[in-house]
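Undergrad: Take this structure first; my questions come after.
The values are calculated or read from the model by the stated rules, or taken from the named source; none is laboratory data. Just so it is clear, the structure is predicted and the values come from calculations on it, not from any experiment. Counting neighbours? That spans all protein chains shown, and the Cβs are built from the backbone with ideal geometry, glycine included. Calculation scope for accessible area: heavy atoms of the full protein, side chains included, ligands and nucleic acids excluded. Shrake-Rupley method; radii C 1.70, N 1.55, O 1.52, S 1.80 Å.
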Amino acid sequence: MYVLKRLFTMLVTLWIIVTLTFVIMHIIPGDPFATDSKAIPESVLENMRARYNLDKPLPTQYILYLKSLLTLDLGPSIQSKTTDVNTLIARGFLPSAILGIQSMLLALVAGIALGTIAALNHNRTFDYISMFVAMIGISIPSFILAPLLIKYMAVKWGLLPVASWGTWRHTILPSLALAVTPVAIIARFVRTSMLEVLHQEYIQTAEAKGLSTWKIVVRHGLRNSLIPVLSFMGPLFASVITGTFVVEKIFAIPGIGKYFVDSIFNRDYPVIMGTTIFYSAVLVITLFLIDMSYRFVDPRIKLASKGD
């Protein structure tokens, strides 16, 4: 019953996102064919608008688009005359997925390690240094950090490629740009949660039994301290995905983010809608999986959910 409720909520959320995106996109003044309207005869423009259902009333356009979504058809692209939106998303998904997964893994490993060590050295030098670094990481957005990484690590020091996409070396700089802020956020969450967990009675019991500090942290402290991190993983994942829009453009990576940015400038309605729906679906599904993962981290949540 609980899973069915969550699935229903997911569908309603996606419908609301589709509706709001559709309305906002058509409220903004402009025409996707405006740039070429002087060179194209009016009869041809009418045929082009009819091709994309832009000549119909907005309610009709909305209903037609919802019908196409039921068959997972995101429609044709206005700018890419020979390519539909499904093909563009399929083409850009792999680079975006590689960057997203790589940056999230880096953020989790580095953030958990940094936060745990800071908690174990509470009110000591390393604790102050790590939290200062975390504060800087939160303050600097990815689109500011990306040019700095290019300037120093690629141009000045020549350690990595400047941009483009090809080998694993091309993924390092954009992944770092995306991971810095999540590392800082996770580190602060883990530090705060770990400090609270380390003062629990079962931790003191484990210490009385003679277990080493690292065994206590890994076996008992870390698992419970990750529950707040799981709560934040959904929005954190969203921030990483959103960051790829600009980061992919800066590093000239042929991912979905690049198509999204280009579609906004070109007023390519189907691509804007398609990429927005795709990212929203990924986010909603991720939130659902994170919600389900609570039951594996803390069995008490599973028992509580049975009464829902």
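Undergrad: Using a Förster radius of 51 Å, what is the FRET efficiency between Tyr202 and Val23 based on their Cβ-Cβ separation? Nearest 0.05, please.
TA: Working: r = 52 Å, r/R0 = 1.03.
In this case the efficiency is close to 0.45.
Undergrad: Oh, and also: Is the shape of the chain best called rounded, prolate or oblate, per the rule: a/c under 1.5 gives rounded, else a/b larger than b/c gives prolate, else oblate, with a ≥ b ≥ c the square roots of the Cα gyration tensor eigenvalues? Each step should come with its number before you reach the end.
TA: On the way: a/c = 3.30, a/b = 1.68, b/c = 1.96.
Judged from the Cα gyration tensor, the chain comes out oblate (a/c at least 1.5, b/c at or above a/b).
Undergrad: Separate question: With the full set of protein chains in place, find how many percent of the accessible area of segment 54-142 is carbon and sulfur; take the probe as 1.4 Å.
TA: Numbers: 3580 of 4960 Å².
Answer for segment 54-142 is 72 percent, counting heavy atoms of protein chains only.
Undergrad: OK, next. Which of Asn86, Gly75, Ser293 sits closest to the plus end of the dipole of the chain, meaning its Cα is farthest towards the positive end, when Lys and Arg get +1 and Asp and Glu get -1 on the C-beta?
TA: Result: Ser293, furthest along the dipole toward the positive end.
Undergrad: If I ignore ligands, DNA and RNA and count only protein heavy atoms, how much of Ile227 is accessible to a 1.4 Å probe, in Å² to the nearest 10?
TA: 40
Undergrad: Another one. Using only DSSP helix segments of four residues or longer, with each worth -39500 (n - 2.57), what per-residue ellipticity at 222 nm results for the chain after dividing by its residue count and rounding to 500?
TA: Details: 14 runs with 221 residues, N = 308.
Result for the chain: -23500 deg cm²/dmol, rounded to the nearest 500.
Undergrad: Also, I was wondering about something else. Could you compute how much accessible surface Thr213 exposes when probed at 1.4 Å, giving the result in Å² to the nearest 10?
TA: Surface accessible to solvent at Thr213 totals approximately 90 Å².
Undergrad: May I pose another question? Along the charge dipole of segment 73-177, Cβ charges K/R +1 and D/E -1, which of Val109, Leu148, Ala177 sits furthest on the positive end?
TA: Of the listed residues, the answer is Leu148.
Undergrad: A follow-up question, please. Give the calculated FRET efficiency between Arg91 and Phe126 to the nearest 0.05, with a Förster radius of 51 Å applied to their Cβ-Cβ distance. Write out the running numbers ahead of the final one.
TA: Working: r = 45 Å, r/R0 = 0.88.
It comes to 0.70.
Undergrad: Let me ask you something else. Mind counting lysine pairs for me in the chain? Cα separation below 17 Å, and the two need to be 8 or more apart along the chain or on different chains.
TA: Numbers: Lys5/Lys302; Lys5/Lys306; Lys56/Lys67; Lys151/Lys249; Lys249/Lys258.
Close lysine pairs under the 17 Å cut-off: 5.
Undergrad: What is segment 44-164's relative contact order, in percent, from Cα pairs under 8 angstrom and six or more apart in sequence? It would help to have the intermediate numbers written out before the result.
TA: Details: 41 pairs, mean separation 9.6, N = 121.
8 percent.
Undergrad: Quick one: among Ser139, Ser193, Ser164, which has the greatest mean-square fluctuation in a GNM of the chain with alpha-carbon springs under 10 angstrom?
TA: Comparing Ser139, Ser193, Ser164 in the GNM, the peak value goes to Ser139.
Undergrad: How long is the gain from Met292 to Leu72 if the chain were fully straight, where each residue apart is worth 0.36 nm and the alpha carbon distance is subtracted?
TA: Values: separation 220, 0.36 × 220 = 79.20 nm, distance 2.57 nm.
Net length gain for the segment: 76.6 nm.
Undergrad: So between Leu58 and Leu105, what do we pick up on full extension, going 0.36 nm a residue minus the alpha carbon distance? Before the final figure, lay out the partial values.
TA: On the way: separation 47, 0.36 × 47 = 16.92 nm, distance 4.28 nm.
Extra length available between Leu58 and Leu105 comes to 12.6 nm.
Undergrad: Could you state the accessible area per residue of segment 120-227 in Å², with a 1.4 Å probe and every protein chain left in place? Could the numbers behind the result be given before it?
TA: On the way: 6330 Å² over 108 residues.
Per residue, segment 120-227 has 59 Å² of solvent-accessible surface.
Undergrad: With +1 on each Lys and Arg Cβ and -1 on each Asp and Glu Cβ, how big is the dipole of segment 43-184 about its Cα centre, in debye rounded to the nearest 20?
TA: On the way: 10 positive and 5 negative charges, 49 e Å.
Dipole of segment 43-184, to the nearest 20 debye: 240 debye.
Undergrad: Follow-up. Heavy-atom accessible area of Val218 with all protein chains present, probe 1.4 Å, nearest 10 Å²?
TA: 90
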